[in-house]
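Computed from the coordinates by the stated procedures, all read-outs in this text should not be read as laboratory data. What you see is a predicted model, and the numbers here were worked out from it, not measured in a lab.
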Amino acid sequence: MASFARLIGASRKGGASTAAANASVVEELHEAKDLLEKRVAHLERQKDKELTSALEHKKTAARLPEATAKNAKNAALACLKRSKMIDQELDSLQEQRLKLDTQEHAFSSLKFAQHTIAAERRATLAIKALTAQMGSIEGLEGHRENMEETLETAYELLGLASEPISNPALRDAGDDDELLAELDQLVEAQAQNDLEKELTQLGQEIGRPSASPATTNSAMPSFPEAPREDVARQRRREEDEARRQDEEELAQLEASMAMPMLGMAVPMMVAMEA
């Protein structure tokens, strides 16, 4: 992996220098195409001038006498010849422009292909490194078979570990039905004991002792004579009776106090009338 990292680092450094060179080439191509366009524009302007001059010399030769029109005709022919030369250079420039366009297109295509091929190479190296770490196909198949056997053995051991075992100390304890019957008996005994405790506590609250079924010979327990609700009702009845007697005594006392006052009111009324 260290050698692979060094290889990647070296390729990156080389890639940086290559990228700089590629950028320089692209810039040169653009500059050449720019110069070509400027040269074409200049030659087209020159061609227009030559054609204009040729036409003017032709018109001048037509106005002059034949003996003196020869110089104007030669000047017109010279302008046309120079125009033809410009046409030839323009054709050459067009060919050069086409070559530059072809080179730029080829360069861009190759640069793109270079990037993709470099990525494919790096991916191939990485895949080779990973496959070397994982081992051969036969080794991987053997590893899978070994893993399956190991898991099968492990789950067999887990199944054995989860199986119940027989306890020698419980061999004489009976089967499950007997144990459940014994449990029902314990529940009934506990319920009977709780009932005895409740009856005893109830008898203590009402002031009358209650006979416990455990101390008597009868099969049924003896309940107290008055339930708790009758005692509470009797107490409320006694309190109401006492309150009623107090109210009657108070009414009698008020009546006895009011009678002398009525006797004194009659003489006072007679005196006031007189």
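Assorted remarks:
- Once the chain from Glu152 to Gln192 is taken as fully extended at 0.36 nm per residue, the excess over their C-alpha distance is 8.8 nm.
- All-pairs Cα distance distribution in the stretch 2-134, expressed in whole percent, bin size 10 Å: 11, 22, 17, 14, 12, 9, 7, 5, 3, 1, 0
- Candidate lysines for bridging to Lys84, where Cα separation is under 18 Å - those fewer than 8 sequence places away on the same chain excluded: Lys47, Lys49, Lys58, Lys73
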